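> Take this structure, written in structure tokens, and hold onto it; I'll ask about it next.
The values are calculated or read from the model by the stated rules, or taken from the named source; none is laboratory data. Because the structure is predicted, anything quoted here is derived from the model rather than measured. These accessible areas exclude ligands, DNA and RNA; they are computed on the full protein's heavy atoms, side chains included. Shrake-Rupley method; radii C 1.70, N 1.55, O 1.52, S 1.80 Å.
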Amino acid sequence: MKYLLIVNFEPGVAHAPMEEWKPEEIEAHLDYYRVLNRELERNGELVQMEVLAGPDLGKIVTSDGLSAPVVTDGPFQEFKEWIAGFQMVDVESEARAIDIAAQVSAVPGPGGRAIQQPIIVRQVMDRGPSNAAEMDAFLETAGGNVR
């Protein structure tokens, strides 16, 4: 089963901003992720992992489908949290996905203490479409014209 582990960043909630960390604390933080990701790769569990740019480089897009989309550039002051990155894992059970999420949450921060970063665990649909043709077929069987 595939699970998406979403790394939530909540500025100032669990720890000081990384800009205030000592260089060795940043290195320990990054090393922890490197070791964990190598272990997951060796186990054949890591499908993908990405670190995302901060919200200051993000955009919000809305559209009514008729006129030009409305694009709003970041930063977005109203966000109290944002997605810092994610890992896609392919594991035998939800329990294993939760175990991996717990390891990600325990990444060290200032003073070597676990920062207890919130990790959202979401199962990927087992029979979900993987390309445009499969999506068309899925929408047709999901109740007619959903578009």
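> When only Cα pairs under 8 Å and 6 or more residues apart are kept, what is the percent relative contact order across region 38-118?
Details: 83 pairs, mean separation 21.8, N = 81.
With pairs under 8 Å counted, the relative contact order is 27 percent.
> For THR141 and ILE83 in one chain, what is 0.36 nm times their gap in residues minus the Cα-Cα distance, to one decimal in nm? Intermediate values should be presented prior to the final figure.
Values: separation 58, 0.36 × 58 = 20.88 nm, distance 3.24 nm.
My answer for the length gained is 17.6 nm.
> Here are a few candidate values for volume of the Cα convex hull per residue in Å³: (i) 160; (ii) 362; (iii) 147. Which one was actually calculated from the structure I just gave you?
Given (i) 160; (ii) 362; (iii) 147, the structure-derived one carries the label (iii).
> Counting only the heavy atoms of the protein chains, how much of SER130 is accessible to a 1.4 Å probe, in Å² to the nearest 10?
Only protein atoms counted, so the area is about 90 Å².
> How much of the accessible area of the chain, probe 1.4 Å, is carbon plus sulfur, in whole percent? The partial results should precede the final answer.
Values: 5490 of 9910 Å².
Looking at the chain in its full context, I get 55 percent from C and S.
> Let me ask another. Quick check: residue separation of ILE120 and ASP64 times 0.36 nm, minus the Cα distance between them. What number comes out in nm?
Working it through step by step, the gained length comes to 17.2 nm.
> Helix 132-141 against the longest principal axis of the chain: what's the angle in degrees, Cα atoms only, rounded to the nearest 10?
60 degrees
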